[in-house]
1. Evaluate the relative contact order of chain C (contact order divided by residue number), counting alpha-carbon pairs under 8 angstrom at least 6 apart; express in whole percent.
2. Taking each residue in B:38-51, count the Cβ atoms of any other chain within 10 Å of its Cβ, then average. What number comes out?
3. Could you calculate, for the protein assembly as shown, the ratio of the Cα radius of gyration to the Kirkwood radius, expressed as Rg to Rh?
4. In segment A:12-96, carbon and sulfur make up what percent of the accessible area (probe 1.4 Å)?
5. I'd like to check one number: the per residue accessible area of chain C, probe 1.4 Å, reported in Å² as a whole number.
6. Restricted to Cα positions, what overall size does segment B:91-213 have along the principal axes? Three whole-Å values, descending.
7. So, taking all protein chains as they sit and a 1.4 Å probe, how much accessible area belongs to residue B:71, in Å² rounded to tens?
8. Determine the shape class of chain C: with a ≥ b ≥ c the square roots of the Cα gyration tensor eigenvalues, call it rounded for a/c under 1.5, and otherwise prolate if a/b is greater than b/c, oblate otherwise.
Amino acid sequence: MTAKRKFNIGDRVSVVDKTTLFHHRTQKFTRGQSGVVTEYRPEWVIPEDEAFDPAGNGRKEPFYIVRFKQDDLWPDYTGHHIDTLETEFSESWLEPATSKGKR
Amino acid sequence: MSTRHDGHGHGEAPGEFQIATKVSEFEILELAVRELAIEKGLFSAEDHRKFAEWADGIGPHGGSKLVAKAWVDPEFKQRLLADGTKACLEVGIDWLQPTGSGTPSDYTFFYVLENTPKLHNVIVCTLCSCYPRPVLGMSPDWYRTPNYRRRMVRRPREVLAEFGLHLPEDVELRVHDSNQKSRFMVMPMRPEGTEGWSEKQLAEIVTRDTMIGVALPAPNRKSDTKTETLVSGGRRR
Amino acid sequence: MSAAPTTYDVLMDTLSDIGERTDAGMGCLEHEPAVWESRMQATCEALSSHGVLDNLERRLAEDRLGESVYARFPVQTRSTLVVTHLLMDQKVFTEEELRKRIEVVRDRFAEE
């Protein structure tokens, strides 16, 4: 609970576009995309470890909710510019945003 | 729904079900698989009973109660938005049930998303079918289909339109993809025309779909049923 | 996942009882759950909590098999079909064992 978090609410972050053979829960459509941290979520065993050890003894990381602009996620987005999408990441899937999104 | 009898025996439910109907193959299959699993030691009959009782007790009525209470009690609303899991205890919903640590698919981090005149929330789980079961019960079939899951993130306004919900351009549509441990429920806005209603009356219009975010509550809308929803395939008893 | 999945006649045969999937759009995909569906969910939870079949693995298999081998079945049958399918794949019980048990259960229902 008292883990030192790498990111703060309001930080602009990018989702790491790493390939992994391990179990994870990071959607393809978020990889390499940039958004803003909106909420802290409790520290928990990361999915990469949890799948193999349901008892909960795996590595833990803080989690974050990140908000994306739909226009950034989908080049052909059919909704409106103000529309957003939020989803959750463990800390190691995030890095400080380097640019204003890749598109 | 909950008035139906258990799969252990058939036709025994008191009253309305005394007409003997054909037992479905799936009723038989379910029981056969369960018995084999228990015999092979995969789990015990007691384990199954515990989960079955829990499954029978959950449903959208839990979420409806939360929302209705929040509409009439601003302090409860604040507690609900601040700590959803904890506030649930006030209406008798314990996210730690039935195991003491929740179920394998319902984590205990529950968050309520408040709709406002400028923001509309909707929930989806693109990776599988995470759903706030302790407050909404089992997810509807469509929620689990790839059709809904793929399109709700990509073309959410189109999907909402298919549900009959058209949002103005200046309302931010925010899709929540519950891919990890958090479980979400939408708290819709209290509609006009419900002034002076009791909590119980209000709860009746807070239907499942309004808490998923694919519909809005209205004074005369007490069911999500669209056109006497068909029983998709399958003979009903 | 690349090899074609096994098919089990004992499961495919249930199609004639439940009937073909009839839904086209999402609006139609709704029905009042039967008791066996809820009991099956309890089985899924029991299997997952004992580490036999993780819920996420099951859900992914439901997507995979539900859109292929069992594409003609109504959506609410997926958990039952897929869990049974996977347990047979894992050799927890054989198709023959299941057939026998189905007959035992059927007879029991007939007696009541």
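The values are calculated or read from the model by the stated rules, or taken from the named source; none is laboratory data. Because the structure is predicted, anything quoted here is derived from the model rather than measured. Cβ coordinates were reconstructed from backbone atoms using ideal geometry, including for glycine residues, and neighbour counts include every protein chain displayed. Keep in mind that these areas ignore ligands, DNA and RNA; they rest on the heavy atoms of the full protein, side chains included. Shrake-Rupley method; radii C 1.70, N 1.55, O 1.52, S 1.80 Å.
1. That works out to 34 percent.
2. The shielding value for this peptide is 5.
3. We get a ratio of 0.96 for the protein assembly as shown.
4. 54 percent
5. Ligands and nucleic acids excluded, the figure is 43 Å² per residue.
6. Here the Cα extents, ordered largest to smallest, are 42, 39, 22 Å.
7. 40 Å²
8. rounded
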